[in-house]
Amino acid sequence: MNTPLFSLACATCIGQDHQITTLAANGAVYVMFGALALVFSCIVAVVLTFVRRARRYAASQATGSDVGSLL
């Protein structure tokens, strides 16, 4: 039994090629991937911003600078 696993699915689960419902389901998956990529990139950007601010704050504390100038 060397058939791929997806070939065992019924037409309802996998759909036929170039059928409108299959294209719509694939499009929805791509939109979800895009939304996830956007959310994860925003989370990474916030973390990087916090890291930069923490480094700037630590550097200002070492030199004795005013904290208000960092904001």
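The numbers here are math on the coordinates, done by the rules we state, and not lab data. Source: prediction; values computed, not measured.
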Which length gain, in nm to one decimal place, applies between D17 and C42 when the Cα-Cα distance is subtracted from 0.36 nm times their residue separation?
-> 5.5 nm
Diffing the stretch 34-45: the Karplus 3J(HN,Hα) column from phi (6.51, -1.76, 1.60, θ = phi - 60°), in whole Hz with x for Gly and Pro, holds x, 5, 4, 4, 5, 5, 5, 5, 5, 4, 5, 5
